[in-house]
Amino acid sequence: MRRAALLALPLLAACAAEAPGPGGLGACAGPLTLRNEARLAVEQFYASPEGPGAWGEDLLAPGTLPVGGAFSARVPPGTRHVRVVFVDGSAAELAGLDLCRNRTVTVTGREIIGGP
């Protein structure tokens, strides 16, 4: 019985890491992949638990993401908001991202869609 309990500990720890944290923000962390299916290259990419006003650093800097390209970045735990800025200065945002379920975000036109 004790051996079974010890074997279950890593599984329980993994589940706890995926559980929502305080304030309803997901505690999930890890890489997030940005796919660019828009008509313009992406010049800046931001990910934040808090969203507008707290974007932090540009995760693409100093590069850009070309049309048809993909980029993977480590984002802060609890990330729920992403923003991209295109080379023409226009921007798109996605709020309410569930990082525990969505490890990929795709820019299509002027919107961002979350996916597995």
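The values are calculated or read from the model by the stated rules, or taken from the named source; none is laboratory data. Note that the coordinates shown come from a computational prediction; the quantities given were computed from them, not determined experimentally. Because the Cβ atoms are built from the backbone with ideal geometry, glycine has one as well, and the counts that use them run over all protein chains shown. Areas reflect the complete protein model, heavy atoms only, side chains present, ligands, DNA and RNA absent. Shrake-Rupley method; radii C 1.70, N 1.55, O 1.52, S 1.80 Å.
For the reader, a short list of remarks on this structure follows.
- The stretch 35-54, residues that are under 16 Å from the mean Cα position of the chain (by Cα) and open to solvent by 20 Å² or more (accessible area, probe 1.4 Å): Arg35, Gln44, Tyr46, Pro49, Glu50, Pro52, Ala54
- Of all residues making up the stretch 72-90, the number that are outside any loop (DSSP other than H, G, I, E, B), farther than 11 Å from Gly51 by Cβ and open to solvent by less than 40 Å² (accessible area, probe 1.4 Å): 5
- The stretch 55-71, residues that are surrounded by fewer than 14 Cβ atoms within 10 Å (Cβ to Cβ) and within 15 Å of the chain's Cα centre (by Cα): Gly56, Glu57, Ala70
- Options Gly53, Gly68: the member that is at positive phi and either in a helix (DSSP H, G or I) or at pLDDT 95 or above (or both): Gly68
- Residues in the stretch 95-116 that are within 14 Å of Thr33 (Cβ to Cβ), more than 10 Å from the chain's Cα centre (by Cα) and at pLDDT 90 or above were compared, and the one that is surrounded by the fewest Cβ atoms within 10 Å (Cβ to Cβ) is Ile113.
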